[in-house]
Amino acid sequence: MRYERGVAARLMLVETLVRESINKVKNYLSRLGVKESDSVVSGVLDNYFVIDPVSIEPTDIIKRMDHMIVNNESKFKKDLEKSIPGISRHTLNNVAVSLAIASALFTVFKVLRHYYLLGKKYENWVLLMQLYLLLPQLVKELIPYTKAIDGVFRGLPIGDSVGPMVAFKLAGLSPRIDIEEDTVYSLINVEGRNVYIVKARGPGATVGRPGKGVAKIAEMLSYSVARIITVDAALKLEGEQTGSIAEGSGAAIGDPGPEKIEIERVAVKCGAPLDAVIIKMGVDEAIKPMSKEIADSIDKAYQKVLDIIKNRTKPGDNIIVAGIGNSVGVY
């Protein structure tokens, strides 16, 4: 009974967070002129899921996964466009991300409620005890997601925007050229090197398709690429300092696989070293409006990328730099 009451109380708190998130999205849609915001939100909460492809036969599993992810996202945004005619692409992306956050919170709540009711139904005190011990941590992790919606509405860069921010600092005001859906690149010269900078198209909230963007640029250059550098946010361990910079090898990108493997395949085909520059932060810091600690780290990451370009390549080389992350608030 003690475990059951404790779980019920915390579940009510999770439900409150879910309702708060949903109401924020509804109010935002109303301000955009959507008359039936209730039906738009309720139609998203239980829809647009992606079923993992068959893994027992791994042949072309990445292509199948990519096809399903792209299909689902495309259908989701097309349905939103019908509900909000005349909306700009950037605002559409902000609405889509906000709805995705609310939907994720709702899904977490439903799963927790399922195990709570299951524990009650079968008088499984071990299951209830596990929930009782787990929920305090989960609640603390879910609270930032509710707050993150406000930042997306206002178009503020979040912690996960550090990759695009470094890309912006490199590219400056050079033209943004479309290379893939919601993905752009810029071309600059760094001491005789041709540097192609890939990022999601801002200032809307989207991560774009950086892997496909990198692949298209490499193909455009006939795979004559000397080095590929990826810059992204990374989760820090407890005790590590927010905004600390680390450098390693590999593709720094947190996607289910399709975008990451595109970058890895291009690196192998070009015979190009693949560098990863990461900026460390907590889960809550990654989704909330960018803190000063994280903002201060952008210049350090920028300098790290410049050092790699200047010291590990030579004049005349083609280099690709991919600023991975959400471009909300970043041009």
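None of the figures in this text is laboratory data; all of them are computed from the coordinates on show. These numbers were taken from a predicted model, which means no experiment stands behind them. Here the Cβ is made from the backbone with ideal geometry for all residues, glycine too, and neighbour counts use every protein chain on show.
For Ile177 and Met12, a Förster radius of 45 Å and the Cβ-Cβ distance give a FRET efficiency of 0.35, rounded to the nearest 0.05. Residues Ser98, Ser42 in ascending order of nearby Cβ atoms (within 10 Å, fewest first): Ser42, Ser98.
Comparing Val328, Pro210, Leu306 along the charge dipole axis of the chain, the residue lying farthest to the positive side is Val328, per the Cβ-charge model.
Report, to the nearest 10°, how far helix 125-154 tilts away from the longest principal axis of the Cα atoms in the chain, using its own Cα long axis and a range of 0 to 90°. With both axes taken from Cα atoms, the answer is about 50 degrees.
Once the Cα atoms are used to define both axes, helix 162-171 deviates from the longest principal axis of the chain by about 30 degrees. The calculated P(r) of the range 150-200, using every Cα pair and 5 Å bins from 0, goes 5, 19, 24, 23, 17, 8, 3, 2, 0 in percent. How much net charge surrounds Lys260 when only other residues with a Cβ under 12 Å from its Cβ are counted (Lys, Arg +1; Asp, Glu -1)? Once positives and negatives cancel, what remains is -3. Ranked for footprinting exposure by Cβ neighbours inside 10 Å, fewest first, Asp160, Asp182, Asp46 give Asp46, Asp182, Asp160. Taking the empirical scaling 2.2 N^0.38 Å for compact globular proteins as reference, the range 2-154 has a Cα radius of gyration ratio of 1.23.
Label-to-label distance for Lys35 and Asn71 is 3.4 nm, based on points extended 7 Å past Cα in the beta-carbon direction. With respect to the chain, whose longest principal axis is taken over its alpha-carbon atoms, helix 2-31 is tilted by about 60°.
Give the percent of DSSP beta bridges with both residues in the chain that are antiparallel, rounded to the nearest 5. For the chain, the DSSP antiparallel bridge percentage is about 45. Among the GluC sites (Glu not before Pro) in the range 1-107, those placed in a DSSP loop whose Cβ has at most 16 other Cβ atoms within 10 Å are Glu36. Please label the shape of the range 244-331 as rounded, prolate or oblate, based on the square roots a ≥ b ≥ c of the eigenvalues of the alpha-carbon gyration tensor (a/c under 1.5 means rounded; beyond that, a/b larger than b/c means prolate, else oblate). Because a/c hits 1.5 or more and a/b fails to exceed b/c, the range 244-331 counts as oblate. Note: relative contact order over the chain, using C-alpha pairs below 8 Å and six or more positions apart, is 23 percent. Cβ crowding within 10 Å ranks Thr230, Thr91, Thr313 as Thr91, Thr313, Thr230, fewest other Cβ atoms first.
Summing Cβ point charges (Lys, Arg +1; Asp, Glu -1) relative to the Cα centre of the chain gives a dipole of roughly 500 debye.
Inverting the pair-averaged 1/r between distinct Cα atoms of the range 78-224 gives 18.6 Å as its Kirkwood hydrodynamic radius. Result for the chain in a Gaussian network model with C-alpha springs under 10 Å: among Val195, Val214, Val126, the largest mean-square fluctuation is at Val126. Give me the net charge of Lys77's neighbourhood, meaning all other residues with Cβ under 14 Å from the Cβ of Lys77; Lys, Arg count +1, Asp, Glu -1. Local net charge: +1. Near Pro53, once Lys and Arg are set to +1 and Asp and Glu to -1 for all other residues with Cβ below 11 Å from its Cβ, the sum equals -2.
Per residue, the convex hull spanned by the alpha carbons of the chain comes to 151 Å³. Using Cα centres only, tell me the gap between the range 104-180 and the range 51-94 in whole Å. Cα centroid to Cα centroid, the span is 19 Å.
Hydrodynamic radius of the range 159-323 by the Kirkwood approach over all distinct alpha-carbon pairs: 15.6 Å. Beyond 31 Å in Cα-Cα separation lie the following of the pairs Lys140/Lys212; Lys77/Lys216; Lys26/Lys260; Lys75/Lys292: Lys140/Lys212; Lys26/Lys260; Lys75/Lys292. Taking GluC sites (Glu not before Pro) across the range 198-259, the ones in a DSSP loop with at most 12 further Cβ atoms lying within 10 angstrom of their Cβ are Glu238.
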